[in-house]
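Visitor: Below is a structure I'd like to ask you about.
The values are calculated or read from the model by the stated rules, or taken from the named source; none is laboratory data. Worth saying up front: this structure is predicted, and the values here are computed from it rather than measured. With ideal geometry, Cβ positions are generated from the backbone for all residues, glycine too; neighbour counts draw on all protein chains shown.
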Amino acid sequence: MAYSIGNLVKMVIFRTFARNILYHLVMTICEACKQVLNDLGGRASLTDIYEKVKMLVEFTGATPNASIRAELQNHPLLFRRTPDKRGWWELVSYQEEIAVRDKEIAELKAEVERLRKVPTEDDFVKRFIEATKTQFRFRRQEADAVRQIMDKMGRSDVEAILGSWIEGKENKPAIAISKLEIRQGGTNIDTNFGPNIEHNGGTLALTDGGE
């Protein structure tokens, strides 16, 4: 059968294309070893490597295990024996990855310790309220702002407690005065608190009770 020049060119191109596809589809022993070690976490025993590589590569020789070992030994930039495990091999990049992971773990532990020292919301609120009570006499106007902050934070329980405390502080003088029996003409005022208060022309003076 005679072929035209055009047909011959097409056949050559097709065969070259097919050969390239087959080359990329067939995995080499080295590539299989690398994939197997990656799949097994970076290192594995020779027994496991043999088993997995044979599932990826079709061997024609009678000694596939020897071929696999030869590939591992002939690529020192990719593979090496695991120092602390007899009969194990690992990727050279495995120890580098472990070092990176160890560094990340150390950084995470340091961050956890830092976060443990950060006050919780309850601790913050407690300290905030105590400071507000301490400064109440001198910064009364700030107490209402603190109540608003607590309400915005969704801590209506704390806002109610602080509001009740403020109400008690502000009503205490009125309650005390209501208990006094004020007498006209400068006589002593009897109280339930120990000393008497003497009223003279609009001036209040403390005197000992029982006179």
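Visitor: Among the residues of the stretch 90-121, which ones are small (Gly, Ala, Ser) and closer than 22 Å to residue 73 by Cβ?
Guide: Selection gives 93 alone.
Visitor: Please go through the stretch 100-125 and give me each residue that is among the aliphatic types (A, V, I, L, M) and not in a helix (DSSP H, G or I), ordered by number.
Guide: 118
Visitor: So which of 136, 128 is surrounded by 10 or more Cβ atoms within 10 Å (Cβ to Cβ), outside the structural domain of residue 43 (by TED's automatic domain parsing) and part of a loop (DSSP other than H, G, I, E, B)?
Guide: After applying the criteria, what remains is 136.
Visitor: Here is a check on your reading of the model: is residue 175 at pLDDT 80 or above and β-branched (Val, Ile, Thr)?
Guide: No; evaluated as a whole, the condition is false for this residue.
Visitor: Here's a follow-up. Out of the stretch 30-83, which residues are part of a helix (DSSP H, G or I), under 19 Å from residue 97 (Cβ atoms) and among the polar types (S, T, N, Q)?
Guide: Answer for the stretch 30-83, where residues must be part of a helix (DSSP H, G or I), under 19 Å from residue 97 (Cβ atoms) and among the polar types (S, T, N, Q): 35, 38.
Visitor: Then there's this: I'm trying to understand the selection: among the residues of the stretch 83-116, which are surrounded by 10 or more Cβ atoms within 10 Å (Cβ to Cβ) and among the basic types (Lys, Arg)?
Guide: Listed by number, the residues that qualify are 85, 101, 103, 109.
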